[in-house]
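Take a look at the structure below.
Every number in this text was worked out from the coordinates using simple rules, so none of it is lab data. For clarity, every value in this text was computed on a predicted model and none was experimentally measured. All Cβ positions, glycine included, derive from the backbone under ideal geometry; neighbour counts span all protein chains shown.
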Amino acid sequence: MISQYNGEAPAGPRNILLAVGKRLTLKGFIINDHFQLMGELANQIAVWFAAGKLKARESVAEGIDNAPEAFLKLFSGDKIGKMLVRLG
């Protein structure tokens, strides 16, 4: 459903009756309900990053001449992680 966030969304999932038949409970996830955990999350992420368990992924364009192409890749999705332009 999140994939249709900015587009025309249907009234609901097409197979919602399966949820009824399986007696499922649907619950939305709102980040605001979990802000009290933000400090703990930041500390844990720092530990994982220092241990090499998390890796930053980024796309790098070499030189200022490639900056316009790098900028356009921000909109086409033709990049991984952050888009950087290395200037030296």
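Assorted remarks:
- The chain: projected area of the alpha-carbon convex hull, averaged over directions, in nm²: 10.3 nm²
- Using alpha-carbon coordinates, inclination of helix 67-76 to the longest axis of the chain, degrees: 10 degrees
- The residue list 15, 81, 60 was ranked by how far each Cα lies along the charge dipole of the chain toward its positive end, using unit charges on Cβ atoms, and 15 comes out on top.
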